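The values are calculated or read from the model by the stated rules, or taken from the named source; none is laboratory data. Please read these numbers as outputs of a predicted model, since none were measured by experiment. With ideal geometry, Cβ positions are generated from the backbone for all residues, glycine too; neighbour counts draw on all protein chains shown. Heavy atoms of the whole protein, side chains included, go into the accessibility calculation; ligands, DNA and RNA do not. Shrake-Rupley method; radii C 1.70, N 1.55, O 1.52, S 1.80 Å.
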Amino acid sequence: EVRKPYTTIIQADGSPMSGGCDDYKTTLQAVATAEIVQNQNYEAFLLLSGGTNSKTAELAQMCKVNYNGISIGSFARKIVKEYIERDDFLENKETFNKALEIAKKLVEDCLI
């Protein structure tokens with residue numbers, strides 16, 4: 001059976017870095033893997049994952065890699081860790097808002 005166009009999501013997985021550095025080198029494998037998938041011209045959504053960070057969208061754009069989303073779980077947890085591990089995280093509005101500000105900037109960086 002043939003799938004209808006854009007009913008599939010392909011995850012282009014680079015090197016898992018467990019929230020590694022926020023640089024181009026860390027995300028390079030995810031973007032390179034996505035380019036390989038993109039070159040196959042599949043009618044599918046493309047998700048970048050593995051070693052992704054705030055530089056992923058910018059690098060993908062520089063490399064002309066078209067993607068539909070970026071998974072940023074480990075890196076996102078790493079950059080807000082000091083706030084979300086506090087016992088008063090949910091009660092302390094200042095702490096919560098600081099974590100939110102950091103996370104919001106990361107999401108915005110991925111929307112280039």
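How big is the range 62-112 on each of its three principal axes, counting only the C-alpha atoms and giving the largest first in Å?
For the range 62-112, the Cα spread along each principal axis is 43, 17, 15 Å.
Quantify, in whole percent, the carbon and sulfur part of the accessible surface of the chain (1.4 Å probe; protein heavy atoms only). If you can, show how the numbers build up before the last one.
Values: 3980 of 7560 Å².
For the chain, the apolar C and S fraction of the accessible surface comes to 53 percent.
Could you compute the FRET efficiency for ASN39 and GLU1, with r as their C-beta to C-beta distance and R0 at 35 Å, rounded to 0.05?
Working: r = 25 Å, r/R0 = 0.71.
So the FRET efficiency works out to roughly 0.90.
Search the structure for amide H atoms under 5 Å from the amide H of ILE70, placed 1.01 Å from N in the peptide plane, and list their residues when 5 or more places away or on another chain.
Distant-sequence amide H within range of ILE70: LEU48.
If the only charges are +1 at each Lys and Arg Cβ and -1 at each Asp and Glu Cβ, what is the size of the charge dipole of the chain around the Cα centre, to the nearest 20 debye? Intermediate results must be reported in sequence, preceding the final value.
Working: 13 positive and 16 negative charges, 44 e Å.
In total the dipole reaches around 200 debye.
What number, in percent, do you get for the relative contact order of the chain if the mean sequence gap of Cα pairs under 8 Å and at least 6 apart is divided by its residue count? Present the calculation step by step, with values, prior to reporting the outcome.
Numbers: 185 pairs, mean separation 29.2, N = 112.
About 26 percent, as a whole number.
Can you work out the base-10 log of I(q)/I(0) for the range 1-45 at q = 0.15 1/Å, using the Debye formula on its C-alpha atoms alone?
Cα-only, vacuum Debye calculation for the range 1-45: -0.47.
Could you compute how fast the chain diffuses translationally, taking Rh as the Kirkwood radius over C-alpha pairs and applying Stokes-Einstein at 20 °C with viscosity 1.002 mPa s? Give it in µm² per second. Working shown, then result.
Values: Rh = 14.9 Å.
Diffusion coefficient, whole number: 143 µm²/s.
GLY14's amide H: which non-local residues (gap 5+, or another chain) put their own amide H closer than 5 Å, with H modeled 1.01 Å from N in plane and none for Pro or chain starts?
Under 5 Å from the amide H of GLY14 lie the amide H atoms of ALA30, SER49, GLY50, each far enough along the sequence or on another chain.
Among ALA99, TYR67, GLY20, pick out the residue whose Cα is farthest towards the positive end of the charge dipole of the chain, where Lys and Arg carry +1 and Asp and Glu carry -1 on C-beta, about the Cα centre.
About the Cα centre, the residue reaching furthest to the positive side is TYR67.
Can you tell me the length gained on complete extension of the stretch GLU58 to GLU101, counting 0.36 nm per residue apart and subtracting the Cα distance? Walk me through the numbers before you get to the answer.
Numbers: separation 43, 0.36 × 43 = 15.48 nm, distance 2.01 nm.
Separation in residues times 0.36 nm, less the Cα-Cα distance, equals 13.5 nm.
What net charge do the residues around ILE36 carry, taking every other residue with its C-beta under 15 Å from that of ILE36, with Lys and Arg at +1 and Asp and Glu at -1?
Numbers: positive: LYS64; negative: ASP13, GLU35.
Taking every other residue near ILE36 into account, the sum is -1.
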